[in-house]
Amino acid sequence: MNLLQNKKVLSIIFMILCVLSYTLMNFVCKFFSNELTAYQLLFFRSFPSVLICIFAMRQKKISFLGNSKGFLFLRALAGTLSALFFFEAIKLLPIGTSMILKNLEPFFALLLSFAFLGYKFNWVHFYAILFALLGIFIVLFNSGDLSIEGITYMTISALIGGLAIVFISKIGNKDSPLTVVFYLSIFCTLLGCLSFFDWKPVPLELYFYLFLIGILNFIAQLFLTLSFQLGDPRKVAPIKYVEILLAMLLGTFLLGESYVAYNYIGAVILIFALVINIMDVNKDGKINLKDFEYLTDFDKNKFDLNKDGKINFKDFLFLFKK
């Protein structure tokens with residue numbers, strides 16, 4: 001079979017492309033963050049997505065209003081406010097530190113799910129949150145004079161982003177991903193229009209890069225959706241967390257940002273926390289062999305050579321029997 005016809009392989013490829021698109025988009029936003037207002041960045045990130053969504057939804061005859069109108073509205077509102085605080089924060093923080101704090105979203109979503117969705121708390125959640133806090137502490141403690149205002153903005157962005165994730169889970173499969181993206185893009189564009197009242201002049205040659213932000217944003221969301229549709233989110237989601245390290249490397253080599261070894265150690269600990277948070281596949285509060293077998297598609301029957309229902313030394317000896 002051609003690898004590109006394998007859904008599992010395609011899901012991994014799409015997630016890698018998603019990571020590259022998101023990272024490049026955030027890098028461009030950071031590069032122009034001191035030249036433009038947060039509202040201008042919000043507008044340029046969202047307006048191209050509106051046009052693309054309208055074209056795609058008309059082609060596929062997808063409803064613009066959707067089915068779960070209330071949750072679509074709330075998700076769009078939360079996503080818009082989260083993006084606005086994000087753009088305010090990246091003006092004040094290094095891009096790597098910004099992405100580290102932004103990736104607290106899943107943990108805020110987890111805590112909000114306990115409160116509003118009735119999710120049960122277990123030891124895996126406890127250790128995931130503990131490691132996440134440890135990673136964040138190591139990064140912030142070893143990052144010198146970071147802007148408290150920037151940290152506050154990014155934490156608020158992650159908190160509201162976590163709320164948006166909860167609303168997405170309530171929407172489920174009731175609406176097309178294009179409808180969800182359309183709602184968010186419309187809200188972001190409308191709020192971004194406030195920039196017209198305090199418009200910073202934009203050189204003509206920069207408009208290409210600014211519209212590139214919107215195109216990359218749409219592409220990233222599309223690849224993310226395709227990846228989750230073709231593969232199991234629990235298997236491909238860890239790839240997305242590599243964007244933290246990628247952002248730190250881009251910040252170092254292209255923006256002249258400086259990170260010490262402890263920053264990378266903290267980032268790796270946070271990535272570890274993000275991974276173990278989704279490792280408990282059977283939701284029994286433990287990470288064990290059954291979770292590993294599912295995540296790796298491990299078929300123990302292939303290794304149980306003597307067919308006694310166990311994988312042990314007897315199977316090794318069975319190989320040498322005539």
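What's the local net charge at G251, with K and R +1, D and E -1, over the other residues with C-beta under 13 Å away? Counting the neighbours of G251, the net charge comes to -1. Per-residue extension of 0.36 nm, minus the Cα-Cα distance of L146 and I62, leaves a gain of 25.7 nm for this segment. Annotation for the stretch 1-72: trypsin sites (Lys or Arg not before Pro) lying in DSSP loop with at most 16 further Cβ atoms inside 10 Å of their Cβ are K61.
Taking every alpha-carbon pair within the stretch 1-99, the share separated by more than 17 Å comes to 67 percent.
Average 1/r across all pairs of distinct alpha carbons in the stretch 3-287, invert it, and you get the Kirkwood radius: 19.5 Å.
For chymotrypsin sites (Phe, Trp or Tyr not before Pro), the sites in the stretch 7-104 that DSSP calls loop and that have at most 15 other Cβ atoms within 10 Å are F64.
Just so you know, all these numbers are worked out from the coordinates, no wet-lab data involved. Every value quoted in this text rests on a predicted model; they were computed, and no experiment measured them. We place every Cβ from the backbone using ideal geometry, glycine too, and count neighbours over all the protein chains shown.
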